[in-house]
Amino acid sequence: SAFVKCLADGGAQSACEAQAIREANGVAGHSEINIHHVSANNYTIRTEIHQGRKHIVVPVVMMVEGVHNGSAGPLLHRTEELCRFVGAWNGIPVSVQHPTEEGNGISANSPEVIDSQVVGRVYNSFEEEGKLKGEVWLDEEKLQSLSPTAFSYIMQGRALDVSVGVFTEDEASPGTWNGEAYTAIARNHRPDHLALLPGGRGA
């Protein structure tokens, strides 16, 4: 209610959110752990304290079954392969854009990339109706610093595209799936990271 009143009085969204959170903390009396839910358009976010830092927790669809174009061309990703070890997606880094070196994609699991691009981790992964889903736990301060655009998208509940960084063993077996041509079938997915693509387009 404080947030709505602040907006009605002409306040900026970010200022109103901060004011509402301060008031809520004062009423709840819990300064160490702040959990709140914000319904924004088509998804709900919440905040959690993780490793002593405030994190924004956002639901995510990491990938869906189908033909996806990546660095190896159009590959068919079947649900049974994508989600064979769904728990392996838990704990992978969440980066802003895919990490690269001299134009080539690299792993996000290096100290340099973690310091410069990683803003959180994936947790609570699961499969639902052919979709690989989960939650991204984003370090609020680091996300604001590295990508104000991504932070703004999330706080406004706007759709934000993502893309997986994954190692696969590709079976050279060209074909079509639902009218889309592919050159190989991706098997034995070994997840490396999930990239946020503010202003970009993911699969």
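See the values below:
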read-out	value
Cross-chain or 6+ apart pairs with Cβ under 7 Å, the range 56-78 first and of a type in the set (A, V, I, L, M), then modelled with pLDDT under 90 and not in a strand (DSSP E or B)	M63/L82; M63/A203; V64/G130
Selected residue [over 17 Å from G66 (Cα atoms), hydrophobic (A, V, I, L, M, F, W, C) and within 14 Å of the chain's Cα centre (by Cα)] from L132, L194	L194
Single unsatisfied condition, L132 versus (1) within 20 Å of I49 (Cα to Cα); (2) in contact with a helix residue (DSSP H, G or I) (Cβ under 8 Å, 6 or more places away or on another chain)	(1)
Residue in the range 113-127 that is in contact with a Cys (Cβ under 8 Å, 6 or more places away or on another chain) and open to solvent by 40 Å² or more (accessible area, probe 1.4 Å) present	yes
Any strands (runs of 3 or more DSSP E) falling wholly within the range 105-203 and containing at least 2 residues that are out of contact with any Ser or Thr (no Cβ under 8 Å at 6 or more places or on another chain) and in contact (Cβ under 8 Å) with a residue 12 or more places away in the chain	118-128, 131-139, 162-171, 175-177, 180-182
Residues of the range 132-150 satisfying the condition of being out of contact with any Pro (no Cβ under 9 Å at 6 or more places or on another chain) and either among the aromatic types (F, W, Y) or crowded, with 16+ Cβ neighbours inside 10 Å (or both)	L132, W137, L138, D139, E140, K142, L143, Q144, L146
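Let's see how each residue does on (1) in contact with a Lys or Arg (Cβ under 9 Å, 6 or more places away or on another chain); (2) aromatic (F, W, Y); (3) under 22 Å from G200 (Cβ atoms):
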{"position": "H50", "(1), (2), (3)": "yes, no, no"}
{"position": "P59", "(1), (2), (3)": "yes, no, yes"}
{"position": "N90", "(1), (2), (3)": "yes, no, no"}
{"position": "V94", "(1), (2), (3)": "yes, no, yes"}
{"position": "A108", "(1), (2), (3)": "no, no, yes"}
{"position": "Y123", "(1), (2), (3)": "no, yes, no"}
{"position": "D139", "(1), (2), (3)": "yes, no, yes"}
{"position": "Q144", "(1), (2), (3)": "no, no, yes"}
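Results for (1) of a type outside the set (A, V, I, L, M); (2) within 14 Å of the chain's Cα centre (by Cα); (3) closer than 24 Å to I56 by Cα, shown as yes or no for each residue.
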| residue | (1), (2), (3) |
| --- | --- |
| E112 | yes, no, yes |
| V118 | no, yes, yes |
| E127 | yes, no, yes |
| W137 | yes, yes, yes |
| Y153 | yes, yes, yes |
| N178 | yes, no, no |
| T183 | yes, no, no |
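The values are calculated or read from the model by the stated rules, or taken from the named source; none is laboratory data. Keep in mind that this is a model prediction, so the values were computed, not measured. All Cβ positions, glycine included, derive from the backbone under ideal geometry; neighbour counts span all protein chains shown. Accessible surface areas use protein heavy atoms only, side chains included; no ligands, DNA or RNA. Shrake-Rupley method; radii C 1.70, N 1.55, O 1.52, S 1.80 Å.
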